[in-house]
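Worksheet: the structure to be examined is printed underneath.
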Amino acid sequence: MREDEILRQNPCRIKGYDRYHTPERPTATIAQVYALADAMPARFAALIIVAALSGLRWGELAALRRCDVDLDAATVRVPRKLAALKDRLEFGPPKSAAGVRVVALPAAAVEALREHLAEHVEDGPDALMFTGAKGAPLRSGNVGRAVRWTKTVASVGLAGFHFHDLRHAGNTLAASAGASTRELMHRLGHATLRAALIYQHATSERDREIAQAMDRRIAGNGRRRP
């Protein structure tokens with residue numbers, strides 16, 4: 001035993017267990033998102049588009065009401081989520097305080113919501129934005145069966161794609177558009193950096209945009225391209 005009783009190595013260490021690897025999830029292109037929306041029953045088309053372009057979680061989308069959506073401001077407010085418990089559905093606060101947020105929407109999401117509100121949402125500020133065919137709150141399993149999810153995603157070239165991957169696609173798009181880590185944390189509704197950093201990996205398209213922007217700055221400072 002060492003006199004200072006300090007061990008230089010952890011005797012309980014197991015080879016390989018100090019490494020953490022998150023497998024890469026598939027990312028849908030914008031064209032694939034719209035193809036998937038078009039393949040859905042009409043009442044679920046906007047759900048697909050908004051999920052991809054807002055980055056909201058399933059439970060946050062399922063809990064949205066008319067009063068949470070501001071089409072003029074192009075924003076959606078996230079004050080709560082819908083959780084599927086063993087024997088019931090329950091509305092409650094988001095996962096953390098950071099989950100309570102207002103998310104800006106691109107025009108494409110606003111357009112989808114505008115059409116959806118006119119066709120598929122009941123009157124009244126507390127009316128749920130997204131419901132089943134009989135007006136009931138959404139359950140992921142019921143929706144999956146209703147839209148034949150596995151076959152439908154495969155039909156648009158997204159075999160193995162999960163609903164949660166729409167959130168991944170949206171946040172990857174936001175990162176590629178130049179969102180900072182803090183801005184991604186806000187859209188994600190996360191209080192820690194770890195999840196946001198996943199989307200900060202470089203994409204070839206964004207990398208090319210950066211290089212072109214560098215070219216413009218170089219040219220602006222009197223240096224010509226070779």
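Surface composition of region 47-108: carbon plus sulfur atoms contribute 56% of the solvent-accessible area (1.4 Å probe, protein chains only, all chains present).
The modelled label-to-label distance for the pair Ala42/Ala133, using points 7 Å beyond Cα in the direction of Cβ, is 1.4 nm.
Could you tell me which of rounded, prolate or oblate describes region 52-154, using a ≥ b ≥ c as the square roots of the eigenvalues of the alpha-carbon gyration tensor, with rounded for a/c under 1.5 and, failing that, prolate when a/b is larger than b/c and oblate otherwise?
Verdict is rounded for region 52-154.
In this structure, the amide hydrogen of Lys81, modeled 1.01 Å from its nitrogen in the peptide plane, lies closer than 5 angstrom to those of Gly92, counting only residues at least 5 positions away or on a different chain.
With θ taken as phi - 60° and the Karplus curve 6.51 cos²θ - 1.76 cosθ + 1.60 applied, the whole-hertz 3J(HN,Hα) list for region 158-164 is 10, 3, x, 6, 9, 4, 4 Hz, x standing for glycine and proline.
Sequentially through region 99-104, phi angles give Karplus couplings (6.51, -1.76, 1.60; θ = phi - 60°) of x, 7, 7, 10, 10, 6 Hz, Gly and Pro residues having no value and appearing as x. A full extension of the chain between Glu115 and Ser96 corresponds to an added length of 3.7 nm, given 0.36 nm per residue minus the alpha carbon distance.
The values are calculated or read from the model by the stated rules, or taken from the named source; none is laboratory data. All values reported here derive from a predicted model rather than from experimental measurement. For neighbour counting, all protein chains shown are included, and Cβ atoms are generated from backbone atoms with ideal geometry for every residue, glycine included. Surface areas here come from the heavy atoms of the whole protein model, side chains and all, with no ligands, DNA or RNA. Shrake-Rupley method; radii C 1.70, N 1.55, O 1.52, S 1.80 Å.
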